[in-house]
Amino acid sequence: MRLRRAITIGALLLLSASMTACGGDDKGSANSDGDGKTGATAGSGKGDSSEAASTELPEASDMASVAYYLNQYGSCLDLTPGAEYDDSSLADHDPAWGDDNMTRDPAWGIKERAVCRDDYDDSSTLLLLSDMKKFQTSMHAKNYGSILIGKDFAVAPGGAETIEDLKASGLVTLSCDPERQIPSGYKQEPAQVDGCVLTNYYAN
């Protein structure tokens, strides 16, 4: 059994998410630890490729909330600021997605970047966004292929196992790769930028 460890954020947690699915009743949910605070809910997406890519995406107010949310579906352990991780020995053999220069470039619309480890000894990159449209514009302009997104954050999973875990999370794939083929039966919705789409197809 894999170790799963939720990051406790107490009163700082302001996280809510929902996913409305078409043609399915399969739901996954996670609530707070009995303190009456709102937890998070998301459509499962497992076993039903015809579900909508998204109508309402998960959102998070801070980086701890993003990590907490991911821990409900996969694992996001040892959360580390992006620049600190990039300078660590781990980055030599397992580099994180992107680099911290992105947070200093207003064209990316990235407010904060961090890295966490999953149960498979891979690193996932978390991005808290201040401007989703700028982020999508830069993804397209810089030829970055795809990444998982919520309403105001993005996640680059560390490996295929974590991608599989996150299929139930309600996150969708932002795909800006014109060569990427999305199989029939999966939803494709327009992103905020021409040349990018949102889809519930997760490629490993």
Among (1) outside any loop (DSSP other than H, G, I, E, B); (2) under 12 Å from the mean Cα position of the chain (by Cα); (3) at pLDDT 95 or above, Lys151 falls short only on (1)
With the first residue restricted to the stretch 127-138 and required to be within 7 Å of Asp152 (Cα to Cα), and the second required to be in a helix (DSSP H, G or I) and hydrophobic (A, V, I, L, M, F, W, C), Cβ contacts under 7 Å at 6 or more apart or on different chains are Leu128/Met63; Leu128/Val66; Leu129/Phe135
Within the stretch 148-204, the residues that are open to solvent by 30 Å² or more (accessible area, probe 1.4 Å), β-branched (Val, Ile, Thr) and in contact with a helix residue (DSSP H, G or I) (Cβ under 6 Å, 6 or more places away or on another chain) are none
Looking at the stretch 92-111, which of the residues that are of a type in the set (Gly, Ala, Ser) and surrounded by 15 or more Cβ atoms within 10 Å (Cβ to Cβ) is farthest from Asp131 (Cα to Cα)? Ala96
Any residue in the stretch 180-204 that's closer than 20 Å to Ser169 by Cβ: show its pairings with residues that are assigned to a strand (DSSP E or B) and open to solvent by 80 Å² or more (accessible area, probe 1.4 Å) at Cβ separation under 7 Å, as long as the two are six or more apart or on different chains. Ile182/Gln188; Val197/Gln188; Val197/Pro190; Thr199/Gln188
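Residue-wise test of (1) among the acidic types (Asp, Glu); (2) at pLDDT 95 or above.
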position: Leu70; (1), (2): no, yes
position: Ala83; (1), (2): no, yes
position: Lys111; (1), (2): no, yes
position: Cys116; (1), (2): no, yes
position: Asp121; (1), (2): yes, no
position: Ala156; (1), (2): no, yes
position: Ala160; (1), (2): no, no
Look at Asp105 and say whether it is among the charged types (D, E, K, R) and either modelled with pLDDT of 95 or more or over 17 Å from the mean Cα position of the chain (by Cα) (or both). yes
For the stretch 124-133, does any single residue satisfy the condition of being in a strand (DSSP E or B) and among the basic types (Lys, Arg)? no
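The values are calculated or read from the model by the stated rules, or taken from the named source; none is laboratory data. Keep in mind that this is a model prediction, so the values were computed, not measured. Neighbour counts run over all protein chains shown; Cβ positions are idealised from the backbone, glycine included. With ligands, DNA and RNA removed, areas are computed over all heavy atoms of the protein, side chains included. Shrake-Rupley method; radii C 1.70, N 1.55, O 1.52, S 1.80 Å.
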